[in-house]
Amino acid sequence: MTTAISNDHTFTAVSPSTGQVVWEGSATSPETVRRAVALARAAGEAWRSTSPKEREAVALRFKDAAVIVN
């Protein structure tokens, strides 16, 4: 299942001395935060019930993906 968590507002901090962007972040509503926390808890429950062998397979897929990206 893929679920998108949307941001309600984006903020950019610009250095007054250089004019360069030094930070970008977002703020969101309390409801979006509650939804994100609920999704994270559900993912944690699913991971907790995953066998060590399955966890190893997931970790190896991430490793392979990281090698491809880099």
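Quick notes
- What the Cβ-Cβ distance of ALA42 and ALA66 gives, at R0 = 22 Å and to the nearest 0.05, is a FRET efficiency of 0.30.
- Across every direction, the projection of the convex hull enclosing the Cα atoms of the range 12-70 has a mean area of 7.0 nm².
- For the range 6-70, the relative contact order is 22 percent, taking Cα pairs closer than 8 Å that sit 6 or more residues apart in sequence and dividing their mean separation by the residue count.
Values quoted throughout were computed directly from the atomic coordinates according to the rules given, and no laboratory measurement underlies them. Just so it is clear, the model here is predicted, and its values are computed rather than measured. All Cβ positions, glycine included, derive from the backbone under ideal geometry; neighbour counts span all protein chains shown.
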